[in-house]
Structure formats: structure tokens, C-alpha cells
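Just so it is clear, none of the values below were taken in a lab; they were calculated from the coordinates. As the structure is a computational prediction, the values presented were derived from the model and not from experiment. Methodologically, a virtual Cβ is constructed for each residue, glycine included, from the backbone with ideal geometry; neighbour enumeration extends over all protein chains shown.
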């Protein structure tokens, strides 16, 4: 009987602590990427979450399914190549010059207004590589709207996926 009482007390305490644990949510965003009218192969694009120290924290999406070419996205590869996390669920086919694509990316709500940034890196075979084709702070004000690119990306537009 005493064992059952102890078990109930311990279980109640554990459940009490768990019920007060913060629940972190996330929001899905539609992300449209419009490329410039360049000629050549399809672009590899990596969308990353950058922490307040300016370091890679998470890969949000990869456009380009052939992992043989991931190392051409050089700065991201330094992060991803060491860890080799499974990214099969967050990849899509490359897109060529002048084309656009719409992806859905998931961003943790706790990362918004907390010093994080979102970075779009681009690389095209036998052409240039742009480490910060588009990069902007992840804030309530900047997460939506249109952002101009500096390389292969003409612009990026994000809206909540409701």
C-alpha cells in the first residue's frame, strides 16, 4: 500500500511539472521565390535559420534534390556537411532562371523577435555563389512581405500559411 502511495505522489509531481512546461509552437509560411532571368542550370537554394550569433541553427528548406551538388552552397555545407541531418522531407527540385517556386517552411514562433535571421543562399553550376542572396531579421514586422535578392533571386515573398 505504501508503494502505491509513493507511486501516486511521484506521478502527481511529474505530471504537475510537465503540465507547466512551456509549449513551443510554430507557424507555417508560404515562401515564394522568384529567380532572375539568368541562363544556365537550375539554382540550388538553401533556406536557413541563423541564430543571434550569426551561426547556422537549422536548415528550413533546400531547393535541389541531388546531394552531389550540396557542397556548392559553401557556407551552409560547412554546417550541414558535418552533421548530415536527414533533409529528405524538406527538399524540392531546382528551378531555372526566370522561374518561381512556392514552398512551405515551418518556423518556431519562439525564434521570431528573438534576434534570429533567415538566410537564402544560392548556387548555380559553373556560375556564382551568393551566401546572402537574401537575408533579413526574423521579426513580426519583417517575416511577411517582399525581400529583394542580390544574386540569382529576384525576390522572396512570405505569408502565413493559413
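Descriptive notes on the structure:
- Sorted fewest first by neighbouring Cβ atoms within 10 angstrom, 111, 162 come out as 162, 111.
- Peptides 128-134, 104-110, 50-56 ranked from most to least packed give 128-134, 104-110, 50-56, packing being the mean of other C-beta atoms within 10 angstrom over each peptide's residues.
- Quotient of the Cα radius of gyration of the stretch 24-160 and 2.2 N^0.38 Å, N being its number of residues: 0.97.
- Counting other Cβ atoms within 10 Å as a rough exposure proxy, the listed residues 48, 140 run 140, 48 from fewest neighbours to most.
- Which of 100, 157, 119 has the fewest Cβ neighbours within 10 Å, and the rest in rising order: 100, 157, 119
- For the stretch 24-160, the relative contact order comes to 36 percent (Cα pairs under 8 Å, sequence separation of at least 6).
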